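What follows is a single structure, written as structure tokens, with notes after it.
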Amino acid sequence: MNEPVWVWGVPLARWTLADTVAAIGGLIEAGRPTYVITANTNYLMLTEENPDLQAINARAAFIVADGAPLIWASRWQGTPLPERVAGSDLIFVLSAEAARKGYRLFFLGGPEGVAEEAARQLAGRYPGLQVVGTECPPFRELTAEEQKALEARIRSARPDILVLAFSQPKGERWINQHFEELGVPVSVQVGASIDFAAGRIRRAPRWMQKSGLEWAFRLGLEPRRLFGRYARNAWFIVRMVGRDLGRTDRPRRSMSSTPAAKVSSPREITPP
């Protein structure tokens, strides 16, 4: 694995979406329990506010950049990331690759019924996809007995990939705490991306995604829920950019692209 790009305190893999899926396949073949983090601007802000997340990030197999501001910041630093790897794209492309290679998936989290609907929609889209379990635990803290029972059901299903749809940073903390005893080769936290897979929330048009305006589309859909979070994220970006501008050791901006790490990439699959 090549050296990560550090953006605002978080090490991000220099990978495309295809590279990421190939790397997950490599982790499955290795068979050791690991986890992957999809980090957006909100997660970087949470990492700054919660020091325990730094240790969680360090234990991850890798972290991908799920946010246009992270890509822009990497370019400004002179160490450009090749592209955004959005969890809302990854869940589709990973499901397509799982159907092709026979990987077993388990969906955990989201509102009641969403994991089941996501599994149904993805299985219909990608024939042969094996979803070996779905769970929507209550949003409250589980009792010790409930937690043990949940872990037992996941282990008995023997998934290759555990797709986790908890809030941030609850999901990252949960994976870090339980991934070793679960024994799942790859756990990946995708948060609200499971809502897109279930058809519960619409994605922004592709041009908005590519131009970094997907946040505006989502804010228009859920203004009451997202306004406070996005306002905090905006202030975090302003502070980080101000800090970067004040650094005397900041590398000169590079107009060239740093190529992505070359792993055994799967065939190109365009997410919906």
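The numbers here are math on the coordinates, done by the rules we state, and not lab data. This structure is a prediction, so every number in the text was calculated from the model and none was measured. Note that we place each Cβ from the backbone using ideal geometry, even for glycine, and neighbour counts take in every protein chain shown.
Here is how the numbers come out for the structure above:
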{"quantity": "Dipole magnitude (debye, nearest 20) for region 46-190, charges at Cβ of Lys, Arg, Asp, Glu", "calculated": "500 debye"}
{"quantity": "Qualifying aspartates and glutamates (Cα of each under 14 Å from Cα of Lys210; at least 8 residues distant if same chain)", "calculated": "Asp66, Glu83, Asp89"}
{"quantity": "Region 49-118: GluC sites (Glu not before Pro) in DSSP coil with no more than 15 other Cβ atoms inside 10 Å", "calculated": "Glu112"}
{"quantity": "Rounded FRET efficiency, nearest 0.05, which uses the C-beta distance separating Arg75 from Val241 and R0 of 22 Å", "calculated": "0.95"}
{"quantity": "Cut-off 15 Å between beta-carbons: net charge of the residues surrounding Gly109, Lys and Arg +1, Asp and Glu -1", "calculated": "-4"}
{"quantity": "Qualifying chymotrypsin sites (Phe, Trp or Tyr not before Pro) for region 10-52 [loop in DSSP, other Cβ within 10 Å: at most 16]", "calculated": "none"}
